[in-house]
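Since every read-out is calculated from the coordinates, none of them should be taken as a lab result. Just so we're clear, the structure is a prediction, and the values are computed from it rather than from any experiment. In this analysis, Cβ positions are derived from the backbone assuming ideal geometry, glycine residues included, and neighbour counts consider all displayed protein chains.
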Amino acid sequence: MQATDLQTQNNIINILRDFGDLIYGFAYVGDIAPNQIGHLPYAITIGLPLSPPIVNNIVDGPNQAYYDEYLSVNDRLDLITEQLKIEIEERGYQAYAIPSSKRTDFVNISGEFPHKAAAVRGGLGWIGKSSLLITRQYGPRVRLSTLFTDMPLQANDILEKNHCGKCKKCVDACPARAIVGNLWSNGVPRESLIDVQRCDIWKINRYPQFKGHVCGICVAICPHGSK
């Protein structure tokens, strides 16, 4: 690995701090980056919290306020990521932004890259039984975006412990019965945690007005970030 560019990294940290309540992490992802961007082995993950009152009002399923918040936070994340991309490119490095929420594989129901993979590497949290990133500050009540770059970054320490323990609140609350209930550890495939097809079908059938994008029950029920 190259020597880290701490000056530019500190400039990025100052930019991120100006946005207020977001969280961020730096990680080396050269071994898990998609082939088309494998030449960009570092990642910056950005997380924005969802409104607590809006998430708290999710009981049996999503509502319009939650869907609007979901879209709004995604848009804000993409704008922040684009600003960082410009900053990095002006320093002579390459950068590639992964949108906060854009499905590119409609068979496997996934995007170009799982934001949570870089987030875990960047020390922001662990993967919960719901297959969501659980952050220390906000639990699963965050949206994420990722910026890949060839700028050598000083990576954060990975959070080693999974704090889900014996809790099964998200498993029991899932109306689609899609959450299996297994504990995540490094290397555990998504399929052992959640049946994403079952989850997707339930959302589309019950809430077509939200185009299958949101449910939020497992987000709201999680003890982490609920206070």
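Worth pointing out:
- Phi angles of the stretch 141-158 translate, via the Karplus equation with coefficients 6.51, -1.76, 1.60 and θ = phi - 60°, into HN-Hα couplings of 7, 9, 10, 10, 9, 9, 10, 8, 7, 9, 6, x, 10, 7, 6, 7, 6, 6 Hz per residue; Gly and Pro are given as x.
- Packing-based ranking, highest mean first, of 180-191, 197-208 given that Cβ atoms within 10 Å are counted: 197-208, 180-191
- Put a plus charge on the Cβ of each Lys and Arg, a minus charge on the Cβ of each Asp and Glu, and nothing anywhere else: the dipole of the chain about its Cα centre is then about 1000 debye.
- Student exercise, the stretch 123-227 dipole from Lys, Arg, Asp, Glu Cβ charges, in Debye to nearest 20: 520
- Once both labels are positioned 7 Å from their Cα atoms along Cα-to-Cβ, the gap between ARG17 and SER226 label points is 3.4 nm.
- Full extension of the chain between ALA173 and LEU6 gives 55.7 nm of extra length, using 0.36 nm per residue less the Cα-Cα distance.
- Label-reachable residues, the stretch 8-24, where backbone N falls under 12 Å from a point 7 Å from GLN83's Cα toward its Cβ: 12-22
- Cys residues of the chain counted as unpaired, since no other Cys beta-carbon is under 4.7 Å: CYS164, CYS167, CYS174, CYS199, CYS215, CYS222
- Each peptide in 40-48, 20-28 gets a packing score, the mean of other Cβ atoms within 10 Å over its residues, and the list from highest to lowest is 40-48, 20-28.
- Unit charges on C-beta of K, R, D, E only; dipole of the stretch 184-227, Debye: 180
- Volume per residue of the C-alpha convex hull in the stretch 1-40, rounded to whole Å³: 92
- Every Cα-Cα pair of the stretch 32-132 was included, and the share exceeding 23 Å stands at 35 percent.
- Sorting the segments 113-119, 123-129, 11-17 by their mean number of nearby beta carbons within 10 angstrom, highest to lowest, gives 123-129, 113-119, 11-17.
- Pairs spanning more than 28 Å between alpha-carbon atoms, out of LYS166/LYS211; LYS85/LYS203; LYS129/LYS211; LYS85/LYS129; LYS168/LYS203: LYS166/LYS211; LYS85/LYS203; LYS85/LYS129.
- Compared with the alpha-carbon gap, the fully stretched path from GLU191 to GLU90 is longer by 32.3 nm at 0.36 nm per residue.
- Here the gap between SER110 and LYS211, fully extended at 0.36 nm per residue and compared with their Cα-Cα distance, gives a gain of 34.8 nm.
- Each Lys or Arg adds one and each Asp or Glu takes one away; over the other residues whose Cβ falls under 14 Å from the Cβ of ILE179, this sums to +3.
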